[in-house]
Amino acid sequence: MAARRLLPRWAGSLRPVSSGAAASGAYPKRVKVVEVGPRDGLQNEKNLVPTPVKINLINMLSETGLQVIEATSFVSPKWVPQMADHTEVLQGIKKSPGISYPVLTPNLRGFQAAVAAGAKEVSIFGAASELFTQKNINCSIEESLERFEEVMRAAKEASIPVRGYVSCVLGCPYEGKISAAKVAEVSKKMYSMGCYEISLGDTIGVGTPGSMREMLAVVMKEVPVGALAVHCHDTYGQALANILVALQMGVSVVDASVAGLGGCPYAQGASGNVATEDLVYMLNGLGIHTGVDLQKLMDTGTFICNALNRKTNSKVSQACCRL
Amino acid sequence: EYSFTGQVRFQGEPQASGLPEYIKIVEVGPRDGLQNEKVIVPTDIKIELINQLSKTGLPAIEVTSFVSSKWVPQMADHKEVMRGIERHPGVQYPVLTPNLQGFHSAIAAGATEVSVFGAASESFSKMNINCSIEESIERFEEVTKSARNMNIPVRGYVSCALGCPYEGNIVPDKVAEVSKRLYSMGCYEISLGDTIGVGTPGSMKKMLEAVMKEIPLSALAVHCHDTYGQALANILTAVQMGVAVVDSSVAGLGGCPYAKGATGNVATEDVIYMLNGLGINTGVNLCAVMEAGNFICTALNKKTNSKVAQASFSTATIN
């Protein structure tokens, strides 16, 4: 399909430049990028991807310098057919030392299957909206937290770190506006039960720098900023601006998806995840260290887009394309 | 289901957060946008687009360019467009005038505001308008002199403010120097353009700090391209530094001539969505802009580049 995308000459200064902003303490010096393409991305793509392609994608991502790559989801294939090959994927990937490969585990059964398949880190998904929780996992927020308690107990016994996600932090497709206090309440509960990190998700991408700032100010009263991450969707084009504000407030963990894989299931045809390439480009320009090789990341994006027979959602990748 | 356009509003006070209370949006779709579209748009469509934009609350709409049709065929109908549009009170309709000849032609056609385009890069200036920066400044001085005599305001653009397709990195002091020349000769506003969209919040901040030493903040505007997806983050950075004028293009019209297939202008809809969320007043009706965007995309037979429009016009399928 497309020729290899190369960074143009003028983009050569994409190595972290010593920037006044980072030096003056306005931004974190380092940001951990959590790559969610193989799970969140592929799960929300129309085309199903064969197991070897998933494995190759993760292996290529492991060569880019990314430290965390969300590999798959141990959820029933009845609900999420795209992740039916979770065991094969987790067992098939080349696990590089120093890289974490978290997997989703919605309940104790999923957790046990994940650990049996070799998982060393898991994630659980809560939400700041009752209606979203009902529609998504068929129970209330309180009931979902009870399920998670079971996972937390088992994880603690097995010394497995757990990452907590909170969905709908800046808006819900069913409830509309979500109160920052509710986000803080759910985040605090998940943090208190033992999650080492809470990833705050703007699930439908409606947030803006204004609502991001307001929400974070409230959440940071309950959860230390060092344990917070942001998971911004680019459905309304606001992701990088929202991430910028989060960084200004001290957040130093950002989720993203290679090539911007994963549309929005709530707005047909609209985009979803923010592209890892575009995020890394911005962080490089701010002089913030990520350890990620942008060219290798773009090559990985090209690979998976060819395999999915789709165009990339990454603007950096589009700009660098030599057709 | 919920429609979020314009409804999710930041409840805080923008001035408490150090942001401007009001931002002037300069709509460049009909000129910068259409000029960089592959398809040539008929005159009546251009006029209809501008008329629709005039009803959205936008305070300034760049209408056309009085440049030789040999160089820019898409703008060959500049006189007809200028004469054909409805002029709404309170809305400015600037036009590009590269030299004195273009200026006279614009005035004869009824223009009441003009723009001149400089660059912070010698190579870009030579490749784009076939002369050095110094020579281009001399040409613009002729325009501003005539404009002053006729009480016509002149807006100055500085291209390649954050990078050049030929020279690569551009030194912030050079941007400040060219901006100062344009401002001193009488331009009331200087629009700093990230022509190839390579800028990031890091380089935007450095460049603005240098320019702000020479030009008052109130006379500055940013013209960000979204070629690398950085436009809104760059605009946010500028706004946080006090810049209160932002250029954008309805539906994100206008690709990048230096990166085939890549996007160019930032979409007005996406900018307004962000500013609304920050509690900043623009006076612009987002839905009306989306309708104008829908109109021109249909006429151009292309998909919108605005993510807000994409998300809003899609049929929401919530199971």
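Derivation of every value follows stated rules applied to the coordinates shown; laboratory data play no part. Given the structure is predicted, the values throughout are model-derived calculations rather than measurements. Glycine also receives a Cβ, built like all others from the backbone with ideal geometry; neighbour counts cover every protein chain displayed.
Could you run the Debye sum over the Cα atoms of the range B:181-319, one equal point scatterer each and no solvent, and tell me log10 of I(q)/I(0) at q = 0.10, 0.18 Å⁻¹, two decimals?
-0.36, -1.05
Can you give me the convex hull volume of the Cα atoms of the protein assembly as shown, divided per residue and expressed in Å³?
133
Once you have the alpha carbon radius of gyration of the range A:259-323, what is it after dividing by 2.2 N^0.38 Å, with N set to its residue count?
Relative to the 2.2 N^0.38 Å estimate, the range A:259-323 comes out at 1.15.
Can you give the relative contact order of the range A:252-310 as a percent, counting alpha carbon pairs under 8 Å and 6+ residues apart? Show your work: numbers first, answer last.
On the way: 55 pairs, mean separation 17.7, N = 59.
Across the range A:252-310, relative contact order equals 30 percent.
Return the distance in nm (one decimal) between the two label points of a simple spin-label model at A:SER140 and B:ASP44, each offset 7 Å from Cα along Cα→Cβ.
Here the modelled spin labels are 6.3 nm apart.
If you take the Cα atoms of chain A, find Rg, then find the Kirkwood Rh from the mean of 1/r over all pairs, what is Rg/Rh?
0.94
Kindly write out, for the range B:302-310 in residue order, the coupling ³J(HN,Hα) from the Karplus curve 6.51 cos²θ - 1.76 cosθ + 1.60 (θ = phi - 60°), rounded to whole Hz, with x marking Gly and Pro.
Karplus values, whole Hz, x for Gly and Pro: 9, 7, 5, 8, 7, 6, 4, 5, 4.
So how many Å³ per residue does the convex hull of the Cα atoms of the range A:123-266 work out to?
With only Cα atoms used, the range A:123-266 gives 104 Å³ per residue.
Divide, for the range A:192-276, the radius of gyration over alpha carbons by 2.2 N^0.38 Å, where N is the residue count. Walk me through the intermediate numbers first.
Details: Rg = 12.7 Å, N = 85, 2.2 N^0.38 = 11.9 Å.
Its radius of gyration relative to the 2.2 N^0.38 Å reference: 1.07.
Can you tell me, using C-alpha contacts under 8 Å and at least 6 residues apart, the relative contact order of the range B:13-163 as a whole percent?
After rounding, I find 18 percent.
What chymotrypsin sites (Phe, Trp or Tyr not before Pro) in the range B:16-106 are in a loop by DSSP, with at most 13 other Cβ atoms within 10 Å of the Cβ?
B:TRP71
Can you pull the semi-axes for the range B:90-180, root of five times each eigenvalue of the Cα gyration tensor, sorted largest first, whole Å?
26, 13, 11
Stick to Cα atoms and the Kirkwood definition of Rh, then tell me Rg/Rh for chain B.
Values: Rg = 18.5 Å, Rh = 19.5 Å.
Checking Rg against Rh, the ratio lands at 0.95.
Report, by chain and number, residues whose modeled amide H sits under 5 Å from the one on A:SER199, excluding near sequence neighbours (fewer than 5 apart, same chain).
Long-range HN contacts for A:SER199: A:GLY164, A:TYR165, A:VAL166, A:ALA229.
Remind me, relative contact order of chain A in percent, using alpha carbon pairs under 8 angstrom and six or more residues apart?
24
Please give me, ordered by residue number, the trypsin sites (Lys or Arg not before Pro) of the range A:47-112 that lie in loop per DSSP and have at most 12 other Cβ atoms within 10 Å.
A:LYS78, A:LYS94
Does the range A:89-173 come out rounded, prolate or oblate, given a ≥ b ≥ c as the square roots of the eigenvalues of its C-alpha gyration tensor, rounded meaning a/c under 1.5 and, failing that, prolate meaning a/b above b/c?
Prolate is the answer for the range A:89-173, as a/c is 1.5 or above and a/b outweighs b/c.
For the range A:175-205 and the range A:86-110, what is the centre-to-centre distance using only Cα atoms, to the nearest Å?
Here the answer is 24 Å between Cα centres.
In whole Å, how far is the Cα centre of the range B:65-137 from that of the range A:236-254?
Cα centroid of the range B:65-137 versus Cα centroid of the range A:236-254: 38 Å apart.
Loop only by DSSP, 14 or fewer other Cβ within 10 Å of the Cβ. Give me the chymotrypsin sites (Phe, Trp or Tyr not before Pro) in the range A:72-156 that pass, ordered by residue number.
A:TRP79
So what's the back-of-envelope 222 nm ellipticity for chain A, counting only DSSP H runs of four-plus at -39500 (n - 2.57) apiece and dividing by all residues, rounded to 500? Walk me through the intermediate numbers first.
Numbers: 12 runs with 121 residues, N = 323.
Roughly -11000 deg cm²/dmol at 222 nm, from the helical runs in chain A.
To the nearest 500 deg cm²/dmol, what mean residue ellipticity at 222 nm is calculated for chain B from DSSP H runs of n ≥ 4 alone, each contributing -39,500 (n - 2.57), summed and divided by the residues?
-11000 deg cm²/dmol
So what are the ³J(HN,Hα) numbers for the range A:52-66, from phi and the Karplus equation (6.51, -1.76, 1.60; θ = phi - 60°), rounded to whole Hz, Gly and Pro as x?
Listing the rounded values in order: x, 5, 4, 4, 5, 4, 5, 4, 5, 4, 5, 8, 8, x, 4 Hz.
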